[in-house]
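> Just passing along the structure, written as structure tokens.
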Amino acid sequence: MALITTQEARDWLRLDNSDNDAVITGLITSAEEYITLTTGMSAEAQENSPLAKTTCKFLLSLWYDPEQADSEKLQRSIDNLLKALS
């Protein structure tokens, strides 16, 4: 099971349509793997962690639109969330 659903990701990214669902699904999977690699947290533990879900959403924001104005602030927030998960 995915850490967040495609619909949750669309809502988080404020997307109205499903044109990019394949991209979003791939980013969710990559975010889960990234969290596991950086924190050692298992996929099962991530599913039960609201903090892991929030981290996944922040990663989606950064990776879906890396040219956004607040990407540096967003990266710092992600780094701090990953430290808290470790």
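The values are calculated or read from the model by the stated rules, or taken from the named source; none is laboratory data. The structure presented is a predicted model; accordingly, all values stated were derived computationally and were not measured. No Cβ is skipped: glycine too gets one built from the backbone with ideal geometry, and neighbour counts run over all protein chains shown. For accessibility, only protein heavy atoms count, side chains too; no ligands or nucleic acids. Shrake-Rupley method; radii C 1.70, N 1.55, O 1.52, S 1.80 Å.
> Filter the range 16-35 down to the residues that are surrounded by 15 or more Cβ atoms within 10 Å (Cβ to Cβ) and not hydroxyl-bearing (S, T, Y), then identify the one that is farthest from the chain's Cα centre (by Cα).
At the first step, the residues of the range 16-35 found to be surrounded by 15 or more Cβ atoms within 10 Å (Cβ to Cβ) are 20, 24, 27-28, 31-32, 34-35.
Those still in the list that are not hydroxyl-bearing (S, T, Y) too: 20, 24, 27-28, 31-32, 35.
Numbers: N20: 16, I24: 10, L27: 7, I28: 6, A31: 5, E32: 7, I35: 9 Å.
The residue in question is N20.
> Also, quick follow-up: Is it the case that some residue within the range 36-53 is at pLDDT 95 or above, within 21 Å of R14 (Cβ to Cβ) and open to solvent by less than 60 Å² (accessible area, probe 1.4 Å)?
Looking through the range 36-53, none of the residues is at pLDDT 95 or above, within 21 Å of R14 (Cβ to Cβ) and open to solvent by less than 60 Å² (accessible area, probe 1.4 Å).
> Looking at the range 66-84, can you tell me whether even one residue there is touching a residue at least 24 places away in the same chain (Cβ under 8 Å), open to solvent by less than 30 Å² (accessible area, probe 1.4 Å) and β-branched (V, I, T)?
No, the conditions are met nowhere in the range 66-84.
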